[in-house]
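Read through the structure below, which is laid out as structure tokens, and then see the notes.
The values are calculated or read from the model by the stated rules, or taken from the named source; none is laboratory data. Because the structure is predicted, anything quoted here is derived from the model rather than measured. Cβ coordinates were reconstructed from backbone atoms using ideal geometry, including for glycine residues, and neighbour counts include every protein chain displayed.
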Amino acid sequence: MRVILDTNVFVSGIFFTGPPHQILKAWRDGKLKLVLSVEILEEYQRAGAALAEQFPMIDLKPILEFIMVHAEIVTVPPLPEPACVDPDDDKFIACAVTSNTRFIVSGDKHLLQISGYQGVQVLKPRQFFDQCLA
């Protein structure tokens, strides 16, 4: 199963326990294929670096290296028209549409509002874990 994780889910899975962590563990264990674009990876790096300042005991380098080897990184053209109220969220939709990835895991209200856009389902982390991994 292929999935896109929004930045908050990805970073939460690294720094905290709960469904985001369980989803990252499923990816690490080969139960999921993480799909992302260069733009998403850059956002992961920025957000992770900001949190790493607050949690210096977490070393992001191995996690980001693991992504480079084990995630599917796709080249994504911009959407012809904005899909989300927050244009910064369009990169997740564009990645899903371009890569034919069916699921985005997110708690972002703007992404959740457009669940179903071109067949892409946006699920909260607990929903995704319960429906697809439990």
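Within the range 1-24, take every residue that is of a type in the set (Phe, Trp, Tyr) and surrounded by fewer than 23 Cβ atoms within 10 Å (Cβ to Cβ) and give me the one that is nearest to LEU64 (Cα to Cα). It comes out as PHE15. If ARG102 satisfies all but one of (1) at pLDDT 95 or above; (2) over 21 Å from MET1 (Cα atoms), what's the number of the condition it fails? Of (1) at pLDDT 95 or above; (2) over 21 Å from MET1 (Cα atoms), only one is false for ARG102: (2). Here LEU32 clears all of (1) touching a Pro at 6+ places or on another chain (Cβ under 9 Å); (2) under 20 Å from GLN121 (Cα atoms) except the condition numbered (1).
Given the structure, is GLU43 touching a helix residue (DSSP H, G or I) at 6+ places or on another chain (Cβ under 8 Å) and either surrounded by 12 or more Cβ atoms within 10 Å (Cβ to Cβ) or over 23 Å from ARG126 (Cβ atoms) (or both)? Spelling it out, GLU43 is indeed touching a helix residue (DSSP H, G or I) at 6+ places or on another chain (Cβ under 8 Å) and either surrounded by 12 or more Cβ atoms within 10 Å (Cβ to Cβ) or over 23 Å from ARG126 (Cβ atoms) (or both).
Per the conditions (1) surrounded by 20 or more Cβ atoms within 10 Å (Cβ to Cβ); (2) in contact with a Phe, Trp or Tyr (Cβ under 7 Å, 6 or more places away or on another chain); (3) closer than 12 Å to VAL3 by Cβ, the sole criterion not satisfied by CYS95 is (2). For the range 3-112, the helices (runs of 4 or more DSSP H) that sit wholly inside it and include 2 or more residues that are free of Cβ contacts under 8 Å to residues at least 24 places away in the same chain and of a type in the set (D, E, K, R) are 38-54, 60-70. The residues in the range 100-134 that are of a type in the set (Ser, Thr, Tyr) and surrounded by 19 or more Cβ atoms within 10 Å (Cβ to Cβ) can be counted, and the count is 2.
Yes or no, residue by residue, for (1) of a type outside the set (Gly, Ala, Ser); (2) modelled with pLDDT of 95 or more; (3) under 15 Å from GLY107 (Cβ atoms):
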{"position": "VAL3", "(1), (2), (3)": "yes, yes, yes"}
{"position": "ASN8", "(1), (2), (3)": "yes, no, yes"}
{"position": "VAL11", "(1), (2), (3)": "yes, no, yes"}
{"position": "PRO19", "(1), (2), (3)": "yes, yes, yes"}
{"position": "LEU41", "(1), (2), (3)": "yes, no, no"}
